[in-house]
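Everything below concerns the one structure shown next.
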Amino acid sequence: MSAQTRFSRGDLTFDVTEDGPADGEPVLLLHGFPQHSDSWDAVVPALTGAGYRTIRPNQRGYSPGARPRGRRAYKMGELVADAAALIDHYGGSAHVVGHDWGAAVAWSLATENPDKVRSLTSLSVPHPGAFLRSMLTSSQALMSWYMLFFQLPWLPERLLRSQLVPGLVRTGHSAEAARRDLAGMTAPGALTAALNWYRAMFLIDPRRSGEPVRRPTLFIWSDGDTALGRRGAEDTAKYVQAPYQFEVLPGVSHWIPDEVPEQLTALLLPHLRRWPAE
């Protein structure tokens with residue numbers, strides 16, 4: 001059974017869902033936009049059934065008690081520090097799995113705090129250095145048009161309140177999952193907080209984006225992803241200086257954990273077993 005707990009960092013309080021045996025190796029599951037920890041619901045049973053303890057936070061801006069105002073509160077350094085503190089709370093190291101923005105946090109966490117990451121799994125999102133390079137060398141900049149749109153004040157919030165569900169469905173998300181995700185964005189300030197992850201993007205020093213990851217890495221990308229192209233996915237290998245596995249899911253959309261949880265866990269479980277706690 002799931003246990004709903006809370007975790008605090010400074011004056012912020014995060015909602016966390018725990019599953020699996022208390023003595024199982026911890027697996028930190030980091031969700032993306034515009035989702036919450038329930039985006040992992042279909043993935044968790046296979047992990048806990050294999051003896052792992054899953055830890056699913058609603059990240060900064062998504063937990064009502066961790067929703068600071070202003071885009072500077074959502075700089076990558078703060079997002080990574082949240083994840084690092086949560087890992088410390090659960091013993092100091094964990095397997096880290098991230099999707100979408102959660103994957104971006106996972107890449108940076110593995111770079112900045114490698115001692116906390118037993119293994120890294122990124123879903124959909126390439127290494128930051130590969131992503132930035134792909135913006136200059138492929139159609140990725142056109143695919144990422146929405147990131148610039150989200151920089152505008154109030155207009156994205158107004159549009160997404162009415163268009164989030166059909167917009168997600170057009171990208172391959174199921175209508176049921178899209179309605180679930182919209183329901184998590186109805187509280188006052190919730191949508192603005194989630195968009196602040198994008199609005200803080202340009203506060204990152206791009207010179208640090210090329211730092212390599214030195215932890216065992218599994219990267220899973222799907223060729224039906226309308227937001228993230230092949231160039232960045234294929235170039236990610238250049239930024240990993242550790243055992244690396246790259247898998248492509250043909251015909252699958254961006255929403256890997258919701259759409260193909262069985263295919264995901266069939267790849268993920270062998271990766272986790274390959275890098276057990278020392």
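The values are calculated or read from the model by the stated rules, or taken from the named source; none is laboratory data. This structure is a prediction, so every number in the text was calculated from the model and none was measured. Cβ sites come from the backbone with ideal geometry, for glycine too, and all protein chains shown count toward neighbours. The area values use the complete protein model at the heavy-atom level, side chains included, leaving out ligands, DNA and RNA. Shrake-Rupley method; radii C 1.70, N 1.55, O 1.52, S 1.80 Å.
Pick out, from Trp221, Pro243, Ala233, the residue whose Cα sits farthest towards the positive end of the charge dipole of the range 169-246, with +1 on the Cβ of Lys and Arg and -1 on the Cβ of Asp and Glu.
Positive-most Cα among the choices belongs to Pro243.
How much accessible area per residue does the chain have, counting only protein heavy atoms and a probe of 1.4 Å, in square angstrom?
Working: 12050 Å² over 278 residues.
Accessible area per residue, the chain: 43 Å².
What FRET efficiency do you get for Asp205 and Leu148 if R0 is 22 Å and r is their Cβ-Cβ distance, rounded to the nearest 0.05?
Values: r = 19 Å, r/R0 = 0.88.
The value I calculate is 0.70.
On full extension of the chain, what length is gained from Leu269 through Ser8, given 0.36 nm per residue of separation minus the C-alpha to C-alpha distance?
On the way: separation 261, 0.36 × 261 = 93.96 nm, distance 2.96 nm.
Separation in residues times 0.36 nm, less the Cα-Cα distance, equals 91.0 nm.
Just going by the charge dipole of the chain, with Lys and Arg at +1 and Asp and Glu at -1 on Cβ, which of Ser144, Leu267, Ala42 is farthest out on the positive end?
Ser144
Explain nothing, just the number: dipole magnitude of the range 64-168 about its Cα centre with +1 on each Lys and Arg Cβ and -1 on each Asp and Glu Cβ, in debye rounded to the nearest 20. Numbers along the way, then the final one.
Working: 10 positive and 7 negative charges, 72 e Å.
With only Lys, Arg, Asp and Glu charged at Cβ, the dipole is about 340 debye.
Work the Kirkwood hydrodynamic radius out for the range 85-124: mean of 1/r over every pair of different alpha-carbon atoms, inverted, in Å. Could the numbers behind the result be given before it?
Working: mean 1/r = 0.1014 Å⁻¹.
Evaluated over the range 85-124, this radius sits at 9.9 Å.
Quick one: among His31, His89, His127, which has the greatest mean-square fluctuation in a GNM of the chain with alpha-carbon springs under 10 angstrom?
His89
Let me check I've understood the local charge: for Ala3, count other residues with C-beta under 12 angstrom from its C-beta, Lys and Arg +1, Asp and Glu -1. What total comes out?
Residues near Ala3 contribute 0 overall.
Which of these, Lys116, Lys75, Lys238, has the largest mean-square fluctuation under a Gaussian network model of the chain (Cα springs below 10 Å)?
Looking only at Lys116, Lys75, Lys238, the biggest GNM fluctuation is shown by Lys238.
Taking the alpha-carbon centroid of each part, what is the distance from the range 183-200 to the range 1-78 in angstrom?
Spelled out, the Cα-based centre of one part sits 16 Å from the other.
Name the most mobile residue of Leu79, Leu29, Leu132, meaning the one with the largest mean-square fluctuation, in a Gaussian network model of the chain with Cα contacts below 10 Å.
Between Leu79, Leu29, Leu132, it is Leu132 that shows the largest mean-square fluctuation.
When the distances between all Cα atoms of the range 1-128 are binned every 10 Å from zero, what whole-number percent does each bin get?
Reading the bins upward from 0: 13, 50, 33, 4, 0.
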